[in-house]
1. One residue is enough: does the stretch B:238-256 have a residue meeting the conditions at pLDDT 90 or above and farther than 22 Å from residue B:31 by Cβ?
2. Which is surrounded by fewer than 20 Cβ atoms within 10 Å (Cβ to Cβ) and either in contact with a helix residue (DSSP H, G or I) (Cβ under 9 Å, 6 or more places away or on another chain) or not in a helix (DSSP H, G or I) (or both), of A:335, A:397?
3. Looking at B:260, B:286, B:292, can you tell me which residue is crowded, with 22+ Cβ neighbours inside 10 Å, more than 10 Å from chain A (Cβ to nearest Cβ) and more than 17 Å from the chain's Cα centre (by Cα)?
4. Being on the phi < 0 side of the Ramachandran plot, loosely packed, with under 14 Cβ neighbours inside 10 Å and at pLDDT 70 or above is the requirement here; does residue B:173 meet it?
5. From the list A:349, A:305, which residue is more than 15 Å from residue A:459 (Cα to Cα), in contact with a helix residue (DSSP H, G or I) (Cβ under 8 Å, 6 or more places away or on another chain) and surrounded by fewer than 17 Cβ atoms within 10 Å (Cβ to Cβ)?
6. When you scan the stretch A:528-612 for helices (runs of 4 or more DSSP H) that lie fully inside it, which ones turn up with 2 or more residues that are surrounded by 24 or more Cβ atoms within 10 Å (Cβ to Cβ)?
7. Quickly run through the stretch A:400-418 and pick out the residues that are buried (at least 23 other Cβ atoms within 10 Å of the Cβ) and not in a helix (DSSP H, G or I).
8. Criterion first (crowded, with 21+ Cβ neighbours inside 10 Å, in a loop (DSSP other than H, G, I, E, B), touching a helix residue (DSSP H, G or I) at 6+ places or on another chain (Cβ under 6 Å) and more than 10 Å from chain A (Cβ to nearest Cβ)) does residue B:243 satisfy it?
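The values are calculated or read from the model by the stated rules, or taken from the named source; none is laboratory data. Given the structure is predicted, the values throughout are model-derived calculations rather than measurements. Reconstructed Cβ throughout: ideal geometry from the backbone, glycine too, with neighbour counts over all protein chains shown.
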């Protein structure tokens, strides 16, 4: 069948090829088409080359952020108040995925495919990682891990989430972290924050963000199309955040919360706050605001239902009343009026003034809390009996301008520089403020002008005066330490990962009350008398078995307008021991009606715990 | 005694096969198996060269029947992969009849068109009818790429056989008319491929992924490439079908524009050698055989490289001798062997007047 002959030429020559027109055009077509291919190839390589090479790098070189562990927050004795617990997230790089994968992922983790598709489509950068589901369950994590080899562009990212100890007790102090919001990102972008980072939102988490955050590391990993790491090209390890030691004593904080909660429950109240401060240093030993809320809900991804429940709760659990609740101080303000009267020479410690059931000022009647005359008394007894009409007279003698000056000297009306965001200043009113409260047309009407009645009620902590439980605690600490208004602090020290001290709290005197030691002692004497009188207040100390060694003052402040039978808040401020005070506290009961029976026992309860556990609180 | 072989043609083919194995090796594919395919293909080449192609002419009707039977068999007992039914199992080896059908069609059409020196309308429509049946069978596999190759081969052979411009124009007109209808005839994914080609940004993760990744691979090669075994996209698996449909992207990433131009030049030289064989063929059948193989190689190179660089829509067509695959490699080498068979049987004049020596020398100098 085969003929070998034609394979070999025995002689002769080949004829000249017959290049017909058709064959020549076919050759020209071939050359032309290959020319077009070469032209397009050159365009791809030369013109688009750099851009496509960058895409190639983005394809195979994955830049991963190595999350820094956020710093742990401890109480003053080193008990951790928050932990970083591991969490698994389903993360994808959209450009590396096939469209069919979403359906499979949907069945693996139970998120509707449309939801995921919408997220993927909304992604700005197809090569940046995108989290499709946070906090996978162990079963989901396993299911996805098993399928990973067949799911290019998908991987499971582990990261730490904050889990708070006793969030209802420590929540308002610690706050929580959450994903960075767009406006925050704009502000923080310069500090290297990334769009998907978590950031402290409120509380110490926000106040000490710069210490707690640490700095993220990164790694450039070479990956194959399945997302498996082939090679780590470069890496910069993360630096964990600093360890923060609070001044808070966890045990005292729990006791304070328990006492406050018990006190509120006893009297059918729903909200309150208490701040315990060391009057020698300004260190906050306890800070409680009730009701609290579960901060862990936020770090674990709060549901819309939970969030709106918290937002719409009439008791406003999200409000940290200790620093941001502004209320009239009521009678607890009388130490300011007393200081002003004494220091300005309007009265002496021995001056006796009458305490009638009411005072008539220019035809306006201003009542005492008692409907009968308590007789003549000096300033100490006036404080102890909380005689309103006594202080009306002192306020009138001192005048509103001087009174405001002393109030400010005691720290009223200033937002305290504490390591928390959202601190409110309260308010020390004055004439201009009052007039500015009215609209422009009414600016000079009688109702808008400061009147004698404003001055008189100012003297008993009413008028337009507002304060916060924190301001109250600092104020009573100043009375305890002889007139030094201290900068309150929540942070004892901050240590970096190597254990070096980065920050150490120092006692800072922000203001000194312009009053002689003798005058302040006279005021303190009234506070000691208040808790030692053989009726009302002293009962709680005796009942609790706590020696009434210290000074205190109750206050039942009216709010919501002027007139009789207004709703009230109950206050109690207290310091102890009397000679060498080492603790001062404020207790606030929202809508409390009788400070002596509603607020004072809570303070005594806290004091009882403090005395009983002195050895552990002050080792 | 002089060997009458066209020595450049097998050298160019061997060069391509070596490049193919190198690319296979770099992509971590089964390059050893590809070497086995090439060895089998080389055997087919030698056999075809020795075989007198003229004996094929009377076998054409039988070959046509074999082609149709094989293509039908695919539908009845074929194996499916990637959503298409394309493989037959022959003695334990996978056979892709659609690859074989390319060569069979060349033989059948060459035999058919040899009958008349001039292409009549009747003959023209007859040729179209001959190609229509296998093309339809391949299209429903579905295999759009091979369908395109079959149609293009038929057109190319008709052109070389001397079809009139009016006849070719009629086919082109029919094609233009068919374009609006075509989407309805195509399978969902085929239609999608066309749409994606027209607008690749439509679906960068799904169907556009292949196109985008191939373009990235080719483009990132730059002028000189990343170097053999230093490709990123190909080796890391970002290029889909990196040893078959998108083998050119894998190659171009490593060897760059320079390598791409050289490879295309080798293909160009090979194609010109095939046309040269056509030009010296002893008969019309041999001329059309060589012309048909030329058309078959050309359309596959253009479509494959074209889709790799984003010039043409994606259709599953292998790059001859470069892409991985037994059926395609063996078919291509057998086809080249057949052309060689034509070459060695070229006309030669034993007693021809010797040209004037001086003139011959001058001509040879000018050629050199």
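1. Scanning the stretch B:238-256 turns up no residue that is at pLDDT 90 or above and farther than 22 Å from residue B:31 by Cβ.
2. Values: A:335 fails: surrounded by fewer than 20 Cβ atoms within 10 Å (Cβ to Cβ).
Every option except A:397 fails the conditions.
3. On the way: B:260 fails: more than 10 Å from chain A (Cβ to nearest Cβ); B:292 fails: more than 17 Å from the chain's Cα centre (by Cα).
Only one candidate qualifies: B:286.
4. On the way: on the phi < 0 side of the Ramachandran plot: yes; loosely packed, with under 14 Cβ neighbours inside 10 Å: yes; at pLDDT 70 or above: yes.
Criteria met by residue B:173.
5. Values: A:305 fails: in contact with a helix residue (DSSP H, G or I) (Cβ under 8 Å, 6 or more places away or on another chain).
A:349 is the lone residue from the list that is more than 15 Å from residue A:459 (Cα to Cα), in contact with a helix residue (DSSP H, G or I) (Cβ under 8 Å, 6 or more places away or on another chain) and surrounded by fewer than 17 Cβ atoms within 10 Å (Cβ to Cβ).
6. Values: elements: A:537-544, A:595-598, A:600-612.
Result: A:595-598, A:600-612.
7. A:410, A:411, A:412, A:416, listed by residue number.
8. On the way: crowded, with 21+ Cβ neighbours inside 10 Å: yes; in a loop (DSSP other than H, G, I, E, B): yes; touching a helix residue (DSSP H, G or I) at 6+ places or on another chain (Cβ under 6 Å): yes; more than 10 Å from chain A (Cβ to nearest Cβ): yes.
Here the answer is yes, as residue B:243 does meet what is asked.
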